[in-house]
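These notes are about the structure you will find just below.
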Amino acid sequence: MLVSYNWLKEYVDLEGVTPDELADRITKSGIEVEGVESLNKGISGVVVGHVEACEQHPNADKLNVCKVNIGEDEPVQIICGAPNVAAGQKVAVAKVGAVLPGDFKIKKAKLRGEASHGMICSLEELGVDAKMVPKEFADGIYVLQEDAEVGSDALAALNLDDHILELGLTPNRADCLNMVGVAYEVSAVLEKQLNLPKPTLSETTESASDFISVNIDDLEDNPYYGAKVIRNIQVGPSPEWMQNRLIAAGIRPINNVVDITNYVLLEYGQPLHAFDYDRFGSKEILVRRAKDGEEIVTLDDEKRKLEAHHLVITNGSEPVAVAGVMGGADSEVSDTTTTVLLEAAYFNPSLVRQASKDLGLRSESSTRFEKGIDRNRVYEAANRAAQLLEELAGGEVLEGMVEEGPRYVDHYNVTVSGTRANKVLGTSIQTEDIHKIFKRLDFAYEVEEDVFNVEVPTRRPDITLEEDLIEEIGRIYGYDRIPTTLPEGSTTPGELNPAQKKRRLVRRYLQDSGLYQAITYSLTTEEKANRYHGLATEDQPAYVGVSMPMSEERAVLRRTILPQLLEVVQYNQNRQINDVAIFEVGSTYMTEESKLKNLPNEHQKLAGAFTGLWHSHPWQQEKKPVDFYVVKGVLDGLFEKLGLNDRIVYQQAKREGFHPGRTAILLLDGKQIGIVGQLHPADQKEWDIKETYLFELELDELFSADVPPVVYNALPRYPSISRDIALILDQDVQAGEVQAGIQAAGGDLLKQVSIFDLYEGEHMDEGKKSVAYSLTYYNPEKTLTDEDVEKVHHKVIDYVKDQFNATMRG
Amino acid sequence: MQERLMTLQGEAVEKIEKAGSLKELQDIRVEYLGKKGPITEVLKGMGKLPAEERPKMGQLANDVRDAITQKVETKQEKLEREALDAKLSSETIDVTLPGRPVRKGNAHPLTAVVEEIEDLFIGMGFSVAEGPEVETDYYNFEALNLPKNHPARDMQDSFFITEDILLRTQTSPVQARTMEKHEGRGPVKIISPGKVYRRDTDDATHSHQFMQIEGLYVDKNVRMSDLKGTLTLFAQKLFGAEREIRLRPSFFPFTEPSVEVDVSCFKCNGKGCSICKRTGWIEILGAGMVHPNVLEMAGFDSKEYTGFAFGMGPERIAMLKYGIDDIRHFYANDVRFLEQFKRA
């Protein structure tokens, strides 16, 4: 809502309150003023002039030589190129030495041999938005109305000395979508007297009901409809003061009839519609639901197809307006209109909202209906418009309002106690101060001790509960006067739950291991949602898509984080950042349902992507590119942190999108919980990135696994004995399996098995490899002897020879 | 004899002092103190002395021997130290060469901000509550006093999946869910961070996905002054001890009264600068007293219980704190961006 300071001044005493101060006061007590704009865009030295003579320039077809009286001793000569300049006009003249917007200084000039002492201005030259300039002045100078005083400051005549406050209204404060509502608010905030317009009408003896009848099909849809008839209208421009106010509020002046309906809309917040009575097509107004497929050509000359949930105004047969949204072209007021049928109604807000949404039509009117207008101001607004049509368009107002539905509805009451208000706010506001606050707000009330029974004015439908009144008390009292306290309630332990703790642990571990945390978008393309979900195997749960995506790029919820991390790798490598190690913890979404009825399954996953060098220390010739084992090492450490390292198994696997020989699924207690591997080289090429390794783990599974508490193991008291064995194995025998076999065969005495060498290639038979294991034996009870160890060690060797077709090397 | 001893000592000391290497010194030791050395010789001649002179002379010979030994040892230490110094000096390295790098990553700046806020409120007895990002219309809107067709729904254009399921537009549904779980018994003290989604076209200041962190405190006798006190503490911890807050009336469907909370500008201390747009204040939070309808819908008696709630955007806080100018940086994950938050 754009509020003219000058206009507001008519309703509330703003003496001594500058526009900026006013903005500050309003903002502090509830309505945010988003900006204060001066309509004077840096103008000085512009006065009202009277064009006394206007002749064509001797040397230029398109220029005129004007003699203009600007209130000085002699008229000045001004050369003007505007096509509409003429003798007898009152105009805005920028004198020599004047400054126009954009720091444009007016100097003496000579145009084709004729001296020019100033400039006659168009509205645009004075800083008015071209879209607001009345059509008749769009291509030329602005002609002021007769009564402008020659030599006076033109800014006042043009209302360019005004300031506009832009209110950022929250949906509950639709009452301030009009000047009267703003005046109530400002008067409460500033504690100043209100002085509102009171429409006075002189009506003819002829009755409007002889000209029109009003019928409403359903009072739920349309609780009140009133019509007035105004005759003998002369359509023409509206007075300058009205045009100026409309322009200031961002509405372009059209003609007096349209301008008056718009003016009352701004003043009272009541949308009105003026029909041309002679083109209405009947003497009957019928408000009903549209028939499916019924058509209307609206004011903007668009043919609109209506549906049964749209409310229309009809002339008994044809729709003439979509209720609250837009009128029809057939009955539009034109230059030749003489009788106006004025509509003032209250339509069901949700019907207006629906129709405006369906038809893609949002207007000043529909916005107000949707947000709620003052039900009890409809009648008064109609009279105000009729009064203005009488005064400014020469109209004759026929007697009476032809109406259906109750003109007024009852107020309702809300009760608030001072005790409760102080309890909620944490204040100690005195009862007498609450009296004052309600008086400032102009709320009627009865009071018993400190319990106020408030009659809520219909302009404030946002107030329905005690809390709403507590807010009114609080904001007028001033939130800056509320004390600062800390809660006095029972104390509670504040802590993270176990999963949250583990998530932080995981994040810290990965960060400290050298990975950066990424956060990517959950919405992705359908194609990406269908890739790299290596975890889900056969029974593929469906992905979840949004119903009206803004773009294909953000159409579907991710089932895996991996494509997003590949995008990050790609983004960085496109910017010459070749070494990337990142991880993300985030949700993925899946459903078993083909049509979503329940919420989808949200799984927290942990994913990582590695590419380029893992370690680089060039001057000491150290360089370690990322490979499968780098990633596995990071994961091993992670499982150790979670106490799960003994329960995780890496199992060679083939998965779409992954390198068929360099990929493993991870099993926790035999259950699949993750994948790790190299991005398939074909995919790598498609992404146009360097060799990349990925992992993704199901965090919910990892976090919910039962982990025993930490129990201290006694430090060794006796020496241990180590034995190394080098085994020649078939290529396809997995070192890990053999390691597990050794461990099993070694039993309790075998404390640890580790792999310390792998040899493939030269000096090896085709299809063979050598793996060397270091075995540590230890007995917590006593010092081991060589004999003790030999016995077990032989058993181990026999076992691996037998089980894995191994031979001892060397 | 005495003279002879003194001469020997003098000679030896001179030689020792001149000795330039450990080898030379060793030779000198053998020469004077060895079994065939002159002092031994002298001692051998002791038999020829009168008995009364023998002890005296014996003592003197021992003193000379000790003096020489002492000299040798001192010199030896000196030479050894010099040798070591020379060796170490030859081992000198260039300490300005770069060290072997240790890999280190760090948290995303949004996580850093969220954790800081979480920890702050955990310290005040709050716990962290989370909820689904895909939500029902009921929890995202209706339970928060936003019935269907409520005009305030326009404030949040949503990604709907079906008519009743959508990507949550705020973290507030977690409040509704948590309150329900408490079955009408307080206190409820939670802080709930998470991702939310709105139909905004991504640009420097808008993102279709962003984060929120909200707090909720429901108990008997929770007052708006407590909200003010709690948020003052929050602002001071997060932005510095001199911070003040200012409440401005506002509107949210789920709180009544509702306020916008401004924090005095941490850059200019309220004098006015480009960060606070010359106002001295920065809008950081939305807050208010929990709307009685919200309490009642979640099973709390709104006559007995009151509560406050507040919410803020970690992106906005991170942008203010670190001077980040484009919200899209948070989601592009440029390593050169991420690595700047090591200390965050």
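The calculated Kirkwood hydrodynamic radius for segment B:2-90 is 14.1 Å, given to one decimal from all distinct C-alpha pairs.
The Rg/Rh ratio of segment A:498-704, with Rg taken over Cα atoms and Rh as the Kirkwood radius over Cα pairs, comes to 0.96. Evaluating 6.51 cos²θ - 1.76 cosθ + 1.60 at θ = phi - 60° for every residue in segment A:581-598, the Karplus couplings come out as 9, 9, 9, 9, 10, x, 7, 10, 9, 8, 9, 8, 8, 6, 10, 5, 10, 10 Hz, glycine and proline recorded as x.
Total lysine pairs in segment A:44-157 at Cα distances under 16 Å, for residues eight or more apart or on different chains: 9. On the basis of the beta-carbon distance and an R0 of 22 Å, A:K357 and A:E526 show a calculated FRET efficiency of 0.20.
Between A:Y571 and B:E180, the modelled label-to-label distance comes to 3.5 nm, taking each label 7 Å out from Cα in the direction of the beta carbon. Note on A:A138/A:E592: beta-carbon distance plugged into 1/(1 + (r/R0)^6) with R0 of 45 Å gives a FRET efficiency of 0.10. For trypsin sites (Lys or Arg not before Pro), the sites in segment B:289-344 that DSSP calls loop and that have at most 10 other Cβ atoms within 10 Å are B:R343.
For segment A:196-314, please report how many Lys pairs fall under 21 Å Cα to Cα, leaving out neighbours fewer than 8 apart on the same chain.
Details: A:K198/A:K228; A:K228/A:K283; A:K291/A:K303; A:K291/A:K305.
So the count works out to 4.
Counting, for every residue in A:587-599, the Cβ atoms of other protein chains within 10 Å of its Cβ and taking the mean gives 3.
In chain A, Cα pairs under 8 Å separated by at least six residues give a relative contact order of 8 percent. Sorted from longest to shortest, the spans of the Cα atoms of segment A:412-481 along the three principal axes equal 29, 24, 19 Å. For B:N221, the amide hydrogen comes within under 5 Å of the amide hydrogens of B:T306, counting only partners 5 or more places away or on other chains and with H modelled in the peptide plane. Straight Cα distances below 16 angstrom link B:K35 to the lysines B:K44, with same-chain residues fewer than 8 positions distant left out. In this simple spin-label approximation, B:K35 and A:A744 carry label points 7 Å from Cα along the Cα→Cβ vector, and these lie 7.2 nm apart. Full extension of the chain segment joining A:D24 with A:E553 gains 186.1 nm, where the gain is 0.36 nm per residue of separation less the Cα-Cα distance.
What fraction of the Cα pairs in segment A:713-791, stated in percent, has a spacing above 18 angstrom? Each step should come with its number before you reach the end.
Working: 1436 of 3081 pairs.
More than 18 Å apart: 47 percent of the Cα pairs in segment A:713-791.
Averaged over peptide A:544-555, how many Cβ atoms belonging to another chain are found within 10 Å of each residue's Cβ? Write out the running numbers ahead of the final one.
Numbers: counts 5, 1, 11, 7, 4, 2, 7, 3, 0, 1, 6, 1.
Counting other chains' Cβ atoms within 10 Å and averaging over A:544-555 gives 4.
Amide H contacts for A:T314 (H built 1.01 Å from N in the peptide plane; partners 5 or more residues away or on another chain; cut-off under 5 Å): A:L286, A:V287, A:R288, A:V320. Extending 7 Å from Cα along the Cβ direction at A:K105 and again at A:T205 yields two label points whose distance is 6.9 nm.
Could you tell me the ratio Rg/Rh of the protein assembly as shown? Both radii from Cα atoms, Rh via Kirkwood.
On the way: Rg = 44.9 Å, Rh = 38.1 Å.
With Rg and the Kirkwood Rh in hand, the quotient comes to 1.18.
Computed across segment A:44-157, the Kirkwood hydrodynamic radius from all distinct Cα-Cα pairs reaches 13.9 Å.
Note down the Stokes-Einstein diffusion coefficient of segment A:388-531 in µm²/s, whole number, using a Kirkwood radius over alpha carbon pairs, 10 °C, and 1.306 mPa s.
On the way: Rh = 22.1 Å.
My calculation gives 72 µm²/s for D.
Considering the dipole of the protein assembly as shown built from charges on the beta carbon (Lys and Arg +1, Asp and Glu -1) around the Cα centre, which of B:S21, B:N106, A:F275 is farthest to its positive end? So the residue furthest toward the plus end is B:S21. For segment A:132-145, the Karplus equation 6.51 cos²θ - 1.76 cosθ + 1.60, evaluated at θ = phi - 60°, returns couplings of 9, 6, x, 3, 5, 10, 5, 10, x, 6, 8, 9, 7, 6 Hz by residue, with Gly and Pro reported as x.
Derived scalar couplings between HN and Hα for segment A:42-50 equal x, 9, 8, x, 9, 10, 7, x, 10 Hz in order, rounded to whole Hz, by the Karplus curve 6.51 cos²θ - 1.76 cosθ + 1.60 (θ = phi - 60°), x for Gly and Pro. With distances taken between every two different alpha-carbon atoms, segment B:109-341 has a Kirkwood hydrodynamic radius of 18.3 Å. For chain B, which span is the longest to avoid every loop-located (per DSSP) member of GluC sites (Glu not before Pro) having at most 15 other Cβ atoms inside 10 Å? The reported range is B:92-162.
Per-residue shielding of A:613-619, expressed as the average number of other chain Cβ atoms within 10 Å of the residue Cβ, stands at 2.
Relative to the current alpha-carbon distance between A:N497 and A:L2, full extension at 0.36 nm per residue lengthens the span by 173.2 nm.
Filter the trypsin sites (Lys or Arg not before Pro) in segment A:601-675 down to the DSSP loop ones having no more than 16 other Cβ atoms within 10 Å, then list what survives. Walk me through the intermediate numbers first.
Values: sites: A:K605, A:K623, A:K632, A:K641, A:R647, A:K654, A:R655, A:R662, A:K671; in loops: A:K654, A:R655.
Counting only loop positions with at most 16 other Cβ atoms within 10 Å, the trypsin sites (Lys or Arg not before Pro) in segment A:601-675 are A:K654.
Viscosity 1.567 mPa s, temperature 4 °C: what is the translational diffusion coefficient of segment A:156-212 from Stokes-Einstein with a Kirkwood Rh over Cα pairs, rounded to a whole number of µm²/s? Walk me through the numbers on the way to the answer.
Details: Rh = 15.2 Å.
The diffusion coefficient I find is 85 µm²/s.
What number, in percent, do you get for the relative contact order of segment B:2-90 if the mean sequence gap of Cα pairs under 8 Å and at least 6 apart is divided by its residue count? Write down the numbers at each step before the final one.
Working: 55 pairs, mean separation 34.4, N = 89.
Value for segment B:2-90: 39 percent.
Quick note: the coordinates plus some simple rules give every number you see, no bench work behind them. All of these numbers come straight from a predicted model, not from anything done at the bench. As a convention, Cβ positions derive from the backbone with ideal geometry for all residues, glycine included, and neighbour counts pool all protein chains shown.
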